[in-house]
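The values are calculated or read from the model by the stated rules, or taken from the named source; none is laboratory data. On a predicted model such as this, the values are computed, not experimentally measured, just so you know. Don't worry about glycine lacking a Cβ; one is built from the backbone with ideal geometry, like all the others, and counts go over all protein chains shown. Side chains are part of the model used for accessible areas, which takes the heavy atoms of the whole protein and leaves out ligands, DNA and RNA. Shrake-Rupley method; radii C 1.70, N 1.55, O 1.52, S 1.80 Å.
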Amino acid sequence: MQKEKLRTLRKKKGFTQQQIANIIATDVSNYSRKETGDVRIYKDEWEKIARFLEVPVDEIYEEEEAKFIVENPVFNDSPGSSAAGNVTNFTNQENVSIIKNLQDYISLLKDENQRLKEKLNKYEK
């Protein structure tokens, strides 16, 4: 989500992206991505920018758009393997479903682990 209020005020006051980037101690390309909404602007950065522009934070602040990115690495323990993965965007409903599925699987694994421990204890006696 583009930060239109920030961009509009910055331009109105005659400041460049480089000047704002210097205020928050980043490079201009990273700041540009922050202004377009591709990279998050953190609370302390909003505050520094507002002080520099001499406005309240509320005048420039815009909510971050929630983005859920899940990386699916390839698990391979062989030497020289890398964990290159795909990036997938999920909706909140899909995220809840995935988390529920993982919680169920963890529960199943815990039960299996307990069963195996009990079985091992029987054999050790």
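When the range 51-65 is filtered for residues that are open to solvent by less than 90 Å² (accessible area, probe 1.4 Å) and under 16 Å from residue 40 (Cα atoms), the ones remaining, listed by number, are 57, 60, 61, 62, 64.
When residues in the range 17-39 are screened for being outside any helix (DSSP H, G or I) and open to solvent by 70 Å² or more (accessible area, probe 1.4 Å), 3 of them pass. Taken together, the residues in the range 16-61 that are of a type outside the set (D, E, K, R) and touching a residue at least 40 places away in the same chain (Cβ under 8 Å) amount to 5.
Answer with yes or no whether residue 52 is of a type outside the set (Gly, Ala, Ser), at pLDDT 90 or above, assigned to a loop (DSSP other than H, G, I, E, B) and over 23 Å from the mean Cα position of the chain (by Cα).
Numbers: of a type outside the set (Gly, Ala, Ser): yes; at pLDDT 90 or above: yes; assigned to a loop (DSSP other than H, G, I, E, B): no; over 23 Å from the mean Cα position of the chain (by Cα): yes.
No, not satisfied.
Residue count for the range 69-125 satisfying the condition of being more than 25 Å from the chain's Cα centre (by Cα) and at pLDDT 75 or above: 18.
Checked against (1) among the aromatic types (Phe, Trp, Tyr); (2) open to solvent by 70 Å² or more (accessible area, probe 1.4 Å); (3) over 18 Å from residue 62 (Cα atoms), residue 42 passes all but a single condition, namely (3).
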